[in-house]
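Take a look at the structure set out below.
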Amino acid sequence: MKTPVEVKDAPAPVGPYSQAQVVRLHGGTRMVFTAGQVALDPRTGKIAGEGVGEQTDQVLRNVAAVLAGAGLTLADVVKNTVYLADMEDFQAMNQVYAQHFSSAPPARTTIAAAGLPRGARVEIDAIAVGRDL
């Protein structure tokens, strides 16, 4: 069984998808699969920051807001996929990313994307695991 997540503290979807889906497994375990988040400021709907560092910070705040809507935090993330518009931004993204995942960082894949929504420099999606409340 899956349940969509909708929160106001993260950007609204710009297409026919949910901000996240919660899947309940046997034994009270929940898996949360977030949609990819870019650096849209949920209040203005505009990209926050021009550099990849500023954008990475906003992206991870958006991911955290979506996870909070499912009762989880960034500490519950087990896997991220990071999409970069330019692999030259890898180190700058990593510096900010490390601030959000300083202890037991999740597994991660980072790939270059030919283009990201709204001219974003970075997009991140997450898979998180938690227990029922």
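The values are calculated or read from the model by the stated rules, or taken from the named source; none is laboratory data. Computed from a prediction, not measured in an experiment: that's the story for all the values here. Virtual Cβ from ideal backbone geometry, glycine too; neighbours counted across all protein chains shown. Each accessible area value is taken on the protein alone, full model and side chains, heavy atoms only, with ligands, DNA and RNA left out. Shrake-Rupley method; radii C 1.70, N 1.55, O 1.52, S 1.80 Å.
Relative to the present Cα-Cα distance, how much length would full extension add between Q99 and T73 at 0.36 nm per residue of separation? Walk me through the intermediate numbers first.
Numbers: separation 26, 0.36 × 26 = 9.36 nm, distance 1.44 nm.
Working it through step by step, the gained length comes to 7.9 nm.
With the radius of gyration and the Kirkwood radius both derived from the Cα set of the chain, what is their ratio Rg to Rh? Display every interim value, and only then the final one.
Values: Rg = 14.2 Å, Rh = 14.8 Å.
Radius of gyration relative to Kirkwood radius: 0.96.
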Expressed per residue, the solvent accessible area of the chain in Å² (1.4 Å probe) is about 54
Segment 92-133, Kirkwood Rh and Cα Rg, ratio Rg/Rh at 1.03
Kindly provide the helix-only [θ] at 222 nm of the chain, computed as the sum of -39,500 (n - 2.57) over DSSP H runs of four or more divided by all residues, to the nearest 500 deg cm²/dmol?
-7000 deg cm²/dmol
With a cut-off of at most 13 other beta carbons within 10 Å, and DSSP calling the residue loop, which chymotrypsin sites (Phe, Trp or Tyr not before Pro) in segment 25-97 qualify? Please list them.
none
Looking only at trypsin sites (Lys or Arg not before Pro) in DSSP loops with at most 15 other Cβ atoms within 10 Å, what is the longest site-free stretch of the chain?
47-133
Give the angle, between 0 and 90 degrees and rounded to the nearest 10, that separates the Cα long axis of helix 90-100 from the longest principal axis of the Cα atoms of the chain.
40
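For R43 and V14, calculate 0.36 nm times their separation in residues minus their Cα-Cα distance, and state this gained length in nm to one decimal.
On the way: separation 29, 0.36 × 29 = 10.44 nm, distance 1.44 nm.
Here the segment from R43 to V14 would lengthen by 9.0 nm.
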Show which aspartates and glutamates lie in cross-link reach of K2 when reach means a straight Cα distance below 16 angstrom and same-chain residues fewer than eight apart are skipped.
D132
At what distance in angstrom do the alpha carbon centres of segment 42-72 and segment 114-133 lie from each other?
9
Taking the chain as the reference, fit the longest principal axis to its C-alpha atoms, fit the long axis of helix 52-69 to the helix C-alpha atoms, and give the angle between the two in degrees, 0 to 90, nearest 10.
10
Within the chain, excluding any GluC sites (Glu not before Pro) found in a DSSP loop (not H, G, I, E or B) and having at most 13 other Cβ atoms within 10 Å, the longest uninterrupted segment runs 51-133
What's log10 of I(q)/I(0) for segment 1-75 at q = 0.17, 0.20 Å⁻¹, Debye sum over Cα points only, no solvent?
-0.62, -0.81
